[in-house]
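The values are calculated or read from the model by the stated rules, or taken from the named source; none is laboratory data. Predicted model, so just to flag it, every value in this text is computed and none were measured. Cβ atoms come from the backbone with ideal geometry, glycine included; neighbour counts cover every protein chain shown. Heads up: the accessible areas ignore ligands, DNA and RNA and are worked out on the full protein's heavy atoms, side chains in. Shrake-Rupley method; radii C 1.70, N 1.55, O 1.52, S 1.80 Å.
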Amino acid sequence: MRTTTADPRFEVRESRPGTGLGLFAKAAIKKGDFILEYIGEKLPNAIADAHPGRYLFEIDEKWTINGEVPENTARYINHDCYPNVEADID
């Protein structure tokens, strides 16, 4: 399965068998370049800890983003056993 994203630099497609979808670059990305913003509902960590979601991104000791919203293409970044992207939290 391949899906397009709003950003033509990427595509969402199946990773290795059994690993689900991942985000793949269609062109080289330089180290330090901005890729995507992780978006979704901001939840207090106490609520996020009990949330059954799969795309929870902890921002700090108080807040987590629930990235399950369909427009959050960033949820597919590093969907691999060998991640190669780091988050920069502002």
Next on the checklist: Among the residues of the range 49-90, what is the count of those that are in contact with a helix residue (DSSP H, G or I) (Cβ under 9 Å, 6 or more places away or on another chain) and either within 20 Å of G22 (Cβ to Cβ) or not hydrophobic (A, V, I, L, M, F, W, C) (or both)?
Outcome noted: 14
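Take the conditions touching a Gly at 6+ places or on another chain (Cβ under 6 Å) and in a loop (DSSP other than H, G, I, E, B) and apply them to V85. Does it pass? Break it down into steps so the answer makes sense when it comes.
Details: touching a Gly at 6+ places or on another chain (Cβ under 6 Å): no; in a loop (DSSP other than H, G, I, E, B): yes.
The answer is no for V85.
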Item to check | Residues within the range 55-81 that are in a loop (DSSP other than H, G, I, E, B) and closer than 21 Å to R9 by Cβ, tallied | outcome: 10
Checklist entry - Got a sec? Which strands (runs of 3 or more DSSP E) wholly within the range 2-41 have at least 1 residues that are among the aliphatic types (A, V, I, L, M)? => result 10-14, 21-25
Checklist entry - Out of (1) out of contact with any helix residue (DSSP H, G or I) (no Cβ under 7 Å at 6 or more places or on another chain); (2) open to solvent by 40 Å² or more (accessible area, probe 1.4 Å); (3) of a type outside the set (S, T, N, Q), the odd one out for Y38 is which? => result (1)
Item to check | Pairs, first within 11 Å of A27 (Cα to Cα) and open to solvent by 30 Å² or more (accessible area, probe 1.4 Å) in the range 1-12, second part of a strand (DSSP E or B) and at pLDDT 90 or above, C-beta under 9 Å, six or more apart | outcome: R9/A25; E11/L23; E11/F24; E11/A25
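Being of a type in the set (G, A, S), touching a residue at least 12 places away in the same chain (Cβ under 8 Å) and open to solvent by 60 Å² or more (accessible area, probe 1.4 Å) is the filter here; which residues of the range 15-35 pass it?
In the first step, residues of the range 15-35 are kept if they are of a type in the set (G, A, S); the result is 15, 18, 20, 22, 25, 27-28, 32.
Now restrict to residues that are touching a residue at least 12 places away in the same chain (Cβ under 8 Å): 15, 20, 22, 25, 27.
Correct list: A27 only.
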Checklist entry - Does I47 satisfy the criteria of being open to solvent by 60 Å² or more (accessible area, probe 1.4 Å) and closer than 13 Å to W63 by Cα? => result yes
Next on the checklist: Would you confirm whether or not the range 35-58 contains a residue that is under 14 Å from the mean Cα position of the chain (by Cα), β-branched (V, I, T) and over 22 Å from I89 (Cα atoms)?
Outcome noted: no
